[in-house]
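Inspection log for the structure reproduced underneath, given as structure tokens.
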Amino acid sequence: MLAAFERVLVVCAVPAERDAVATATRGMGPRVEVVAGGVGPAAVAASTTASLLTARHAGRPYDLVVAAGIAGGFAAGGVHVGDTVVADRIVAADLGAELPPTPQSPAGFASVADLGFGAVEHRPPPAVVSAAAEAAGARTGAVLSVSTTTGTDERAAQLLARHPDAAAEAMEGFGVAEAVAAHSAPTPVLEVRTVSNAVGLRDRAAWRIPQALTALSTAFGKLAG
């Protein structure tokens, strides 16, 4: 699937994710560049912007950008540890204002889009999402970008109430997509995540990070094949 693009930028948060992807895509040579852009939407937006500008100035712009890494999965949506998710919506799930619950806003939250200050989601091209999901053996769904990861079942339920199609929760996808939209439109953006833990009560003993990193490498091996 990645071979359909001349130049691909894959943006991960941390070196362990970068290395898992780089190992799987090494055979594609310089067509695929993999970077560790930092944790959270601000850091990764800045690093994505730097990569986009460097490539443009060199006369070798990217024609696909992928946010990638491990994530929490929403078990209520049937997503489990080791699964791979390709986002059909990339959503800034906690960018907005906390409000007292009302009949108009029973969840007690209004997004910046609700407040009239901007957008809170990007929708990758459906054909690209379908091709990636088929190649990787992944499921599709919304991937929620948050600045504070969920640590309680109550918050997980609140997120699902606002986004019933949520499949996974991570921290960087929206930042990557915003950077691309600002600097390289209409370059398509994907988000590919493998699940290390369930979204809900924070339980480090239940995390399976090595398994998720192995799944990430496997998924990108299929995407590169």
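The values are calculated or read from the model by the stated rules, or taken from the named source; none is laboratory data. The model shown is predicted, which means the values in this text are computed figures rather than measured ones. When we count neighbours, we look across all protein chains shown, and the Cβ atoms used for this are built from the backbone with ideal geometry, even at glycine. Keep in mind that these areas ignore ligands, DNA and RNA; they rest on the heavy atoms of the full protein, side chains included. Shrake-Rupley method; radii C 1.70, N 1.55, O 1.52, S 1.80 Å.
Of all DSSP beta bridges in segment 61-179, what percent run antiparallel (nearest 5)?
40 percent
Local charge sum around VAL39 (other residues, Cβ-Cβ under 12 Å, Lys/Arg +1, Asp/Glu -1)?
My count for the surroundings of VAL39 gives -2.
Just the accessible area for THR194, please: 1.4 Å probe, Å², rounded to the nearest 10?
Approximately 0 Å² of THR194 is accessible to the 1.4 Å probe.
Once you order the gyration tensor axes a ≥ b ≥ c over the Cα atoms, which shape class does the chain get: rounded for a/c under 1.5, otherwise prolate or oblate by comparing a/b with b/c?
Here the chain falls in the oblate category.
Could you compute how much accessible surface SER111 exposes when probed at 1.4 Å, giving the result in Å² to the nearest 10?
Accessible surface of SER111 is approximately 10 Å².
What does the charge count near ARG89 come to, summing +1 for each Lys or Arg and -1 for each Asp or Glu among other residues with Cβ under 11 Å from its Cβ?
After counting each charged neighbour, the total is -3.
Of all accessible surface on the chain at a 1.4 Å probe, what whole percent is carbon and sulfur?
Here it works out to 58 percent.
At a Förster radius of 35 Å, what calculated FRET efficiency corresponds to the Cβ-Cβ distance of PHE117 and THR23, to the nearest 0.05?
Approximately 0.30, to the nearest 0.05.
Which order do peptides 46-52, 113-119 fall in by mean Cβ count within 10 Å, highest first?
46-52, 113-119
Grab the other residues whose beta carbon is less than 13 angstrom from that of VAL66, score K and R as +1, D and E as -1, and report the net.
Around VAL66, the surrounding residues sum to -1.
Run through the DSSP bridge list for the chain and note the antiparallel percent, rounded to the nearest 5.
Taking every DSSP beta bridge with both residues in the chain, the antiparallel ones total about 25 percent.
Accessible area per residue of the chain at 1.4 Å probe, in Å²?
44 Å²
Could you work out Rg/(2.2 N^0.38 Å) for segment 16-131, with Rg from alpha carbons only?
1.32
Using Cα springs under 10 Å in a Gaussian network model of the chain, which residue among PRO15, PRO101, PRO41 shows the largest mean-square fluctuation?
Largest GNM mean-square fluctuation: PRO101.
From the protein chains alone at 1.4 Å, what is the descending order of accessible area for ARG31, ARG26, largest first?
The residues order as ARG26, ARG31, largest area first.
Grab the DSSP H runs of the chain that are 4 residues or longer, score each as -39,500 (n - 2.57), total them, divide by all residues and round the 222 nm result to the nearest 500 deg cm²/dmol.
Helices in the chain give a 222 nm mean residue ellipticity of -10500 deg cm²/dmol.
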